[in-house]
Amino acid sequence: MVDTLKISTKQVAESRLSKTDFSNLPFGKVYTDHMFLADFKKGEWQNFRIIPYGSMQISPATPALHYGHSIFEGMKAYASSSNKEALVFRPLENWKRMNISAERLCMPSIPEDLFMESISTLIDLDRAWIPKAEGSSLYIRPFMFSADEFIGIRPSEDFTFMVILSPTGPYYSAPVKVKIETHYTRAVAGGTGYAKAGGNYGGAIYPAKLAQDEGYHQLIWTDGKTHEYIEESGTMNVMFVIDDVLITPPLSDSILAGITRQSVLELARSWGIAVEERKISVRELVAALEQNKVQEAFGAGTAATIAHIELIGFEGKNFTLPAIEKRQIANRVFNELENIKRGNTPDPFDWIYKI
Ligand code: COI
């Protein structure tokens, strides 16, 4: 815990809200009026402040720029139907995961009250920016990076923790086409795949771009050693329904422990659906695709929510999956999660944090 979390606030002279087009929000391009910052110096978190959103000065010698010494999180807030409260989905899980990432990247942990109060105070100030339209939400992006001015390699001493907010539409606006990647690697055993480290995502852009040039939206990554087992999709975890069983790869040090993934599994188990967290080989998946046994495939992530996969490509062959309307589990999970997140239905698991 930090001693006292006194957050100073410098508000914008004029809000950009009325000039923002909420009718067609893209993902991650529009930001609210304010942002939160805290400094870690001399072994302590300090200088908690909210200032107008905008460019800022950092040292050109910071390891954040040179060595990818940065981590981040992603969460979403929704407007309650009365419009009085902001509903945030499972933020404590993101706090826990951020500290797992921090440990792996040799960064200081974020105390719970710093994480929660920074988000609550910032959302409270910018709550008018929470979009109301179906499919949209306020994306919350907490992140931490080294603030040292030193280009040697060693654990940094100073850090900055920030939160920015983005009113946003869906990450994938339509069902996705994915390619099973068996050459490039996102993460290896012993690496940083389980952490939300900036570099994991930077390194994935080139292989994803090659797949996009072939007409796919995303990759399904396979394990870095043998490329025989399915891992995740980079912006989301992946799930399949085969013989009425919901199957997803088990967590490991090369797979991100998705909070949406966990929520889907908890919901499915509570409904009595058979769930298997187990290794799924490329060979098994491709055989099931060839025999038309894959009833559903979808991604689960904060930004992606539940993203139906309509097509899976492997070694030049494309497999089209059943029509979206037929997908009982993904559709049910999507609707239930949307209703819980938007406060339209009781919250039996206590997932919603109200601001
Ligand atoms: C999220 O779902 O919040 C993510 O971090 C995905 C992101 C890389 C767009």
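Taking the Cα centre of segment 182-305 as the origin, how large is its charge dipole in debye, to the nearest 20, when only Lys and Arg (+1) and Asp and Glu (-1) carry charge on their Cβ atoms?
It comes to approximately 300 debye.
Collect residues whose amide H, placed 1.01 Å from N in the peptide plane, falls under 5 Å from the amide H of GLU276; neighbours closer than 5 in sequence don't count.
LEU246, ILE247, THR248
Which of the residue pairs LYS177/LYS209; LYS84/LYS341; LYS179/LYS209; LYS6/LYS29; LYS29/LYS177 have a Cα-Cα distance greater than 19 Å in the structure shown?
LYS6/LYS29; LYS29/LYS177
Could you list the GluC sites (Glu not before Pro) in segment 157-252 that lie in coil according to DSSP, counting only those with at most 12 other Cβ atoms within 10 Å of their Cβ?
Listed in order of number, the matching sites are GLU214.
Mind listing which GluC sites (Glu not before Pro) in segment 246-331 are in a DSSP loop and have 16 or fewer other Cβ atoms within 10 Å?
In loop regions of segment 246-331 (DSSP not H, G, I, E or B), the sparsely surrounded GluC sites (Glu not before Pro) are GLU315.
Apply the Karplus parameterisation 6.51 cos²θ - 1.76 cosθ + 1.60, with θ equal to phi minus 60°, to every residue of segment 78-89 and state each ³J(HN,Hα) to the nearest whole Hz, in sequence, with x for glycine and proline.
10, 7, 6, 4, 6, 6, 8, 10, 9, 10, 9, 8
For segment 48-126, which trypsin sites (Lys or Arg not before Pro) are both in a DSSP coil and crowded by at most 13 other Cβ atoms within 10 Å?
Those that pass, being in a loop and sparsely packed, are LYS84.
So what J values fall out for segment 21-34 if you push phi through Karplus, 6.51 cos²θ - 1.76 cosθ + 1.60 with θ = phi - 60°, rounded to Hz, Gly and Pro as x?
For segment 21-34, the Karplus-derived couplings read 8, 8, 7, 8, 6, x, 7, x, 10, 10, 10, 6, 5, 10 Hz, x marking Gly and Pro.
Just add up the charged neighbours of GLY313: K/R +1, D/E -1, any other residue whose Cβ is under 14 Å from the Cβ of GLY313.
Net of charged neighbours comes to -3.
Between segment 315-355 and segment 67-88, what is the separation of their alpha carbon centroids in Å?
Centre-to-centre (Cα) distance: 18 Å.
Could you tell me which helices of the chain pass both thresholds, a Cα extent of 18 Å or more along their own axis and a mean Kyte-Doolittle hydropathy of at least -1.0, with helices taken as whole DSSP H runs?
Answer set is 112-125, 328-341.
About its Cα centre, what dipole magnitude does segment 237-355 give when the only charges are +1 on Lys and Arg Cβ and -1 on Asp and Glu Cβ, stated in debye to the nearest 20?
Computed charge dipole of segment 237-355: roughly 120 debye.
Just to confirm a number: summing +1 for Lys and Arg and -1 for Asp and Glu over residues other than GLY43 whose beta-carbon lies under 12 angstrom from that of GLY43, what do you get?
Spelling it out: positives minus negatives among the neighbours equals -2.
When you count, for each residue, the other Cβ atoms within 10 Å and take the mean per peptide, how do 185-196, 253-264 rank with the highest first?
253-264, 185-196
Placing +1 at every Lys and Arg Cβ and -1 at every Asp and Glu Cβ, with all other atoms neutral, what dipole size does the chain have around its Cα centre, in debye to the nearest 20?
It comes to approximately 460 debye.
At a 1.4 Å probe radius, carbon and sulfur cover how many percent of the accessible area of segment 283-355?
Here it works out to 45 percent.
Given H placed on each backbone N at 1.01 Å, which residues far from ALA197 in sequence or on other chains put an amide H within less than 5 Å of it?
Residues meeting the amide H criterion: none.
Residues of segment 123-146 with backbone nitrogen within less than 14 Å of a virtual label 7 Å along the Cα-to-Cβ line of ILE58, please, listed as ranges.
From segment 123-146, the list is 142-146.
The values are calculated or read from the model by the stated rules, or taken from the named source; none is laboratory data. Quantities reported herein were computed from a predicted structural model and do not represent experimental measurements. Ideal geometry is used to build each Cβ from the backbone, glycine not excepted, and the neighbour counts take in all protein chains shown. These area figures cover heavy atoms from the full protein model, side chains too; ligands, DNA and RNA do not enter into them. Shrake-Rupley method; radii C 1.70, N 1.55, O 1.52, S 1.80 Å.
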